[in-house]
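Below you'll find the structure, written out as structure tokens, and then a few comments.
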Amino acid sequence: MNIREKVLIIEDEKSIAQFIAAVLDGQGYETIQARTGQEGLSMISSHCPDLVILDLGLPDMDGLDILRQLRSWSSLPVVVVSARSHERDKVTALDQGADDYLTKPFGTGELLARVRTAIRHTRTTSGNDEIAQRGTYSVGELVIDYNKHQVLVRGENVKLTLSEFRIVALLGKHAGKVLTYDAIIKELWGPRAGSGNQILRVNMANIRRKIERNPAEPEYLFTEVGVGYRLAEGE
Ligand code: CA
């Protein structure tokens, strides 16, 4: 890595903040830390980080308030950190503009993957540069061909319905990132679409049956329980 990306960790639990910092420092990132929301907000302005890792439970303010304030003037990538029991918060955070989330406790690999993906997606504006150039997205043996409106798995053309293709196409454009049920539904069926995710779930089950070797152990389409879906990210 030639340019060292600067990551601001806003987390009041010192042990967690130091774990994150150690992992990222070890990978060549530069890290800075804030223990409170106020400190975090002022460090965003004064240190211009490339990415923020944001704990939702801070002593002086709610992480969601920081996100809300930040999103009023900045598209700086934010990866939210939260406890497993707070699924609603994660969904809210994603719908309010967080780029991704990590569930405590998380491991090194997961942390690095989320950080890498969030930074890569800002670098390539909407994350579509490669797709725009080649017209395809591929991961493992899955290829999404955006020009031909086709999905190939292990070289075979998968017969998808239009809705199924649009879901796969959308997840492919944001590969590696979780998209909430609501975000997918609004993107596919418009802002006035109901928030029930039954149709989406049925579509996802059908897509899985068509593209996964074993739908119970997906290689490509992952469910983030209570939150949304994520498509595997290619190298
Ligand atoms: Ca906390």
### Query
About its Cα centre, how strong a charge dipole does the stretch 1-146 have in debye, to the nearest 20, once Lys and Arg get +1 and Asp and Glu get -1 at the Cβ?
140 debye
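Rounding to the nearest 20 debye, state how big the charge dipole of the stretch 19-75 is about its Cα centre with +1 on each Lys and Arg Cβ and -1 on each Asp and Glu Cβ. Before the final figure, lay out the partial values.
Values: 3 positive and 8 negative charges, 28 e Å.
Here the stretch 19-75 has a charge dipole of around 140 debye.
Report the extension gain between Thr223 and Asn157 in nm, rounded to one decimal, defined as 0.36 nm multiplied by the number of residues separating them, less their alpha carbon distance. Display every interim value, and only then the final one.
Working: separation 66, 0.36 × 66 = 23.76 nm, distance 2.35 nm.
Stretched out fully, the Thr223 to Asn157 stretch lengthens by 21.4 nm.
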### Task
May I ask what percent, to the nearest 5, of DSSP beta bridges between residues of the stretch 6-123 are antiparallel?
5 percent
### Principal semi-axes in Å for the stretch 127-231 [√(5λ), Cα gyration tensor, largest first]
20, 16, 13
### Message
Take Trp189 and Gln69, extend 7 Å from each Cα along the Cα→Cβ direction, and tell me the distance between the two endpoints in nm.
### Response
3.8 nm
### Query
When the helices in the chain are scored as -39500 (n - 2.57) per DSSP H run of 4 or longer and the sum is shared across all residues, what 222 nm value do you end up with, to the nearest 500 deg cm²/dmol?
-13000 deg cm²/dmol
### Message
Taking the alpha-carbon distance from Lys186 and a cut-off under 16 Å, which aspartates and glutamates remain once sequence neighbours fewer than 8 residues away in the same chain are dropped?
### Response
Asp95, Glu164
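Under 1.5 on a/c is rounded, so check that first for the stretch 1-114, then, if it is not, pick prolate when a/b is larger than b/c and oblate when it is not; a ≥ b ≥ c are the square roots of the alpha carbon gyration tensor eigenvalues. If you can, show how the numbers build up before the last one.
Details: a/c = 1.43, a/b = 1.15, b/c = 1.24.
Rounded.
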### Shape call, the stretch 62-192: gyration tensor on alpha carbons, a/c limit 1.5
prolate
### Query
Residues of the chain: accessible area per residue at 1.4 Å, in Å²?
49 Å²
### Task
Treat each spin label as a single point 7 Å out from the Cα along the C-beta direction, and report the Ala113 to Glu212 distance in nm.
1.4 nm
### Task
Quick one: accessible surface of Ser74, probe radius 1.4 Å, all protein chains present, in square angstrom to the nearest 10.
20 Å²
### Summary
When all Cα-Cα pair distances of the chain are considered, the percent exceeding 22 Å is 54 percent
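The values are calculated or read from the model by the stated rules, or taken from the named source; none is laboratory data. Note that the structure is predicted; figures quoted are calculated from it, not measured. All Cβ positions, even for glycine, are placed from backbone atoms using ideal geometry, and neighbour counts span all protein chains on display. What goes into the accessible areas is simple: the full protein's heavy atoms, side chains included, and nothing from ligands, DNA or RNA. Shrake-Rupley method; radii C 1.70, N 1.55, O 1.52, S 1.80 Å.
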